[in-house]
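I have placed the structure first, in the form of structure tokens, so that the comments after it can refer back to it.
The values are calculated or read from the model by the stated rules, or taken from the named source; none is laboratory data. None of the values given here were measured: they were computed from a predicted structure. Cβ coordinates were reconstructed from backbone atoms using ideal geometry, including for glycine residues, and neighbour counts include every protein chain displayed. Areas reflect the complete protein model, heavy atoms only, side chains present, ligands, DNA and RNA absent. Shrake-Rupley method; radii C 1.70, N 1.55, O 1.52, S 1.80 Å.
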Amino acid sequence: MSNKPLTIGLFGFGCVGQGLWKIAEQRSDIQIKKICVKSRHKPRPLPESYFTYNPDDILSDPETDVVVELIDDAGAALQILKNALQKGKHVVTANKRMLAENLIEVLRLQRQHNRAVLYEAAVCGSIPIIRTLEEYYAHQEITAIDGIFNGSTNYILTRVLDENRTYAEALHEAQKAGFAEADPTLDVEGLDPRYKLSLAILHAFGMVLLPEQIPVAGISKIGKEEVRFARQNGLSLKLSVGAVKEGNRIFAYVLPQFVPVAGALAAVRHEFNAVHITGSYTGKQLLVGKGAGSLPTALAVLSDIAALHHNYRYAYTKYANAASLEFTTDVSVKAWVRFSDGSGNHWQAFTKIIGGAANASGQVVVGELPLDKLMALQEQNRVTAVLIADDCTISTLPADATGVMQQVA
Ligand SMILES: NC(=O)c1ccc[n+]([C@@H]2O[C@H](COP(=O)([O-])OP(=O)(O)OC[C@H]3O[C@@H](n4cnc5c(N)ncnc54)[C@H](OP(=O)(O)O)[C@@H]3O)[C@@H](O)[C@H]2O)c1
């Protein structure tokens, strides 16, 4: 592509779209020609002449080089992406759900139409993770990628653990501050970070792992028992994502996790995100930053648009070379599992019990068990499961620790 200003057709003028407009106004190398939105009746901060309600006004415009898709509807976004590529336009998108749910199709369409689809903003907002994995880390084996991929839940957990809010209060505050949606399900149930992890896995390991394959549990079942256990043991609580490569096997998860208060992830508070990348040459490295927000996310979008100036597209280097990778849930994890139901032999799923408690109103078991058994347990309504990171030291187990131990013996 030449150095003439890129002509952009923008879909969506919400939080990120307006951020991009503000940034673009200050630059001479990009020009947003038209903006397609949905509602005809919303007041807009720009003259009506900038807007259209007909996607074709952008998609069929021969002057438009790049379609920037920043809408909140994954189904409509996929259609926009397909039509844009068919019309020979490059696409920049922030839509993690659309991308993760249609990874194979998105890869195929890029090849078929020989156009770029770039999506830095889709994973952890302003943290430059996709291109970093794709370029900088392409030259070493990555053995793990993990961290905090969702700002809303990190904000809620920080308020609950560090600032003594109840879960309901913290959720309300997150919504008021604009960190959580009115319907917070995608965030608090872990689905949003799971989309992001699916994309990160493609670029880190070269594996297509659809979101529904990745074990997930959110934070909505976290109660005062988990908060007390964390405080008693000098731990923090995060909604952690992780993907680990052992030989040719990869396991992945999105689960609440206790981490040491003195560790790097505990220091990532409120709406901030973090990504640990562990590589064969570098060891572990950490990127921390704003995972959402108008201008931070718009910067990631701008960075993709700027990359198109020099014909950048993802090489998918790891994907091209990853013939024999296998997904597994056959790994052992350390976890806290609380059962609101006091009866039953729940601890039988565990291969090693570190401690636990049982009384008429419930049971807690801390121990090791296979990841698939943990997921089967936590799917039950009245069960809360939290991973325990390897570097946690547990000094205080639940009070009546003899209950379970006696029953196991
Ligand atoms: N917000 C963030 O911090 C953030 C961070 C990373 C990634 N993202 C991703 O960025 C994308 C946009 O998020 P956002 O927070 O900016 O959303 P938003 O504030 O809810 O705005 C959504 C925009 O999309 C428009 N829209 C919806 N359906 C449309 C359709 N079929 N055709 C044309 N326009 C349509 C809406 O039009 P109206 O104005 O007419 O309603 C609105 O302008 C999402 O995929 C999100 O996951 C957001």
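From the convex hull of the Cα coordinates of region 89-144, what is the mean projected area in square nanometres?
If I average the Cα hull's projected area over directions, I get 4.6 nm².
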Legend entry - Degrees between helix 15-25 axis and first principal axis of the chain (Cα, 0 to 90, nearest 10): 40
Inset, instruction - Within region 314-335, find all residues whose amide N lies under 17 Å from a label point positioned 7 Å from the Cα of Tyr281 along Cα-to-beta-carbon. - result: 317-318
Inset, instruction - State the Kirkwood hydrodynamic radius of the chain in Å, one decimal place, computed from all pairs of distinct Cα atoms. - result: 22.5
Inset, instruction - Project the alpha carbons of region 127-250 onto their principal axes and report the range along each, largest first, in whole Å. - result: 44, 33, 25
Inset, instruction - From the P(r) of region 1-135, can you give the percent of Cα pairs sitting at distances over 19 Å? - result: 49
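Using Cα pairs closer than 8 Å and at least 6 residues apart in sequence, work out the relative contact order for region 47-136, in percent.
23
Compute the Rg/Rh shape ratio of region 1-66: radius of gyration over Kirkwood radius, all on alpha-carbon atoms.
0.96
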Inset, instruction - Grab the DSSP H runs of the chain that are 4 residues or longer, score each as -39,500 (n - 2.57), total them, divide by all residues and round the 222 nm result to the nearest 500 deg cm²/dmol. - result: -9500 deg cm²/dmol
Legend entry - Value of D in µm² per second that Stokes-Einstein yields for region 133-201, Kirkwood Rh from Cα pairs, at 25 °C (0.890 mPa s): 181
Legend entry - region 205-257 - Debye-derived log10 I(q)/I(0), Cα point model, q = 0.18, 0.22 Å⁻¹: -0.69, -0.85
Legend entry - C-alpha long axis of helix 151-163 to longest principal axis of the chain, angle in °: 40
Legend entry - Proportion of all alpha-carbon pairs of region 263-340 beyond 22 Å (%): 59
Inset, instruction - Report the calculated FRET efficiency for Val331 and Asp29 (r = Cβ-Cβ distance, R0 = 56 Å), to the nearest 0.05. - result: 0.75
Inset, instruction - Report, to the nearest 10°, how far helix 74-86 tilts away from the longest principal axis of the Cα atoms in the chain, using its own Cα long axis and a range of 0 to 90°. - result: 40
Inset, instruction - Find the centroid of the Cα atoms in region 361-375 and in region 292-330, then give the distance between the two in whole Å. - result: 36
Inset, instruction - Please calculate how many Å² of accessible area the chain carries per residue, with a 1.4 Å probe and no DNA, RNA or ligand atoms counted. - result: 43
Legend entry - Radius 13 Å from Cβ of Lys196, net charge of other residues (Lys, Arg +1; Asp, Glu -1): -2
